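Participant: Just dropping this structure here.
The values are calculated or read from the model by the stated rules, or taken from the named source; none is laboratory data. These numbers come from a predicted model, not from an experiment. Because the Cβ atoms are built from the backbone with ideal geometry, glycine has one as well, and the counts that use them run over all protein chains shown. Surface areas here come from the heavy atoms of the whole protein model, side chains and all, with no ligands, DNA or RNA. Shrake-Rupley method; radii C 1.70, N 1.55, O 1.52, S 1.80 Å.
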Amino acid sequence: GLESLGNPDEKPFTPKFGGKYQFDDDDMAYVTAAKGFRPGGVNAQLSQNICGPAAAQYGLTVDQLPKTYKSDTVWSYEAGAKTRWFGGNLQLNGDVYRIDWKNVQATQSPGFGCGIVFTTNAGGARSQGVELESQAILFEGMTANLAFEYDDAEYTSTAAAIHGPLKDLNVALKGQRLPVPPMTLNI
């Protein structure tokens, strides 16, 4: 059963802390810190006929690829402010954030020709950045919105799904960017 593949019994502790200070009716600042959790799981069996040649380039068989993956966790930290101007006709919000991610759950293929993926843990990652947004009432019935985000997101450690006799099957390399755009702008 599942018990022979890993420990399905997890008891996560996911605290959240926060505080805010209301300067007046129009201005407030806040800070938060929270831990997130995603459970681990079991991978589907890969076909030796389809994925065997891809696994062989590492000196492996599909039976040696990860059958399970562990839970992953994040700690997120945020500090920001929300302000209103001109009788509430303009709202400006901004924050800075940092997310530290451990045991990143990532999908991986053994390689060319397989087309099937498995989930494994890919070490650590960090995402940090700034978000700015505004909303203005230009006139009755017409509102304009502007939002900008800068996100610096990368793996903080190199992770191998498995160490093969020929070469490692790397899932992530230290300094490799996560697949998120570094900047976004919405108008």
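Participant: With the requirement that a residue be free of Cβ contacts under 8 Å to residues at least 40 places away in the same chain and assigned to a strand (DSSP E or B), what does the range 160-179 give you?
Facilitator: Those that are free of Cβ contacts under 8 Å to residues at least 40 places away in the same chain and assigned to a strand (DSSP E or B): A160, H163, N170, R177.
Participant: Of all residues in the range 102-133, how many are more than 14 Å from the chain's Cα centre (by Cα) and charged (D, E, K, R)?
Facilitator: Of the residues in the range 102-133, 2 are more than 14 Å from the chain's Cα centre (by Cα) and charged (D, E, K, R).
Participant: With (1) in contact (Cβ under 8 Å) with a residue 60 or more places away in the chain; (2) open to solvent by 80 Å² or more (accessible area, probe 1.4 Å); (3) touching a Leu at 6+ places or on another chain (Cβ under 9 Å); (4) of a type outside the set (V, I, T) as the list, and F118 as the residue in question, which single condition is left unmet?
Facilitator: Evaluating F118 over (1) in contact (Cβ under 8 Å) with a residue 60 or more places away in the chain; (2) open to solvent by 80 Å² or more (accessible area, probe 1.4 Å); (3) touching a Leu at 6+ places or on another chain (Cβ under 9 Å); (4) of a type outside the set (V, I, T) leaves (2) as the failure.
Participant: Determine whether Y58 is closer than 24 Å to L132 by Cβ, open to solvent by less than 50 Å² (accessible area, probe 1.4 Å) and among the aromatic types (F, W, Y).
Facilitator: In short, no.
Participant: Can you spot a residue in the range 126-140 that is crowded, with 17+ Cβ neighbours inside 10 Å, touching a Phe, Trp or Tyr at 6+ places or on another chain (Cβ under 6 Å) and at pLDDT 85 or above?
Facilitator: Taking every residue of the range 126-140 in turn, at least one turns out to be crowded, with 17+ Cβ neighbours inside 10 Å, touching a Phe, Trp or Tyr at 6+ places or on another chain (Cβ under 6 Å) and at pLDDT 85 or above.
Participant: What residue, of D95, D72, D152, D63, is within 30 Å of K35 (Cβ to Cβ), among the acidic types (D, E) and open to solvent by 40 Å² or more (accessible area, probe 1.4 Å)?
Facilitator: Going through D95, D72, D152, D63 in turn, the sole match is D152.
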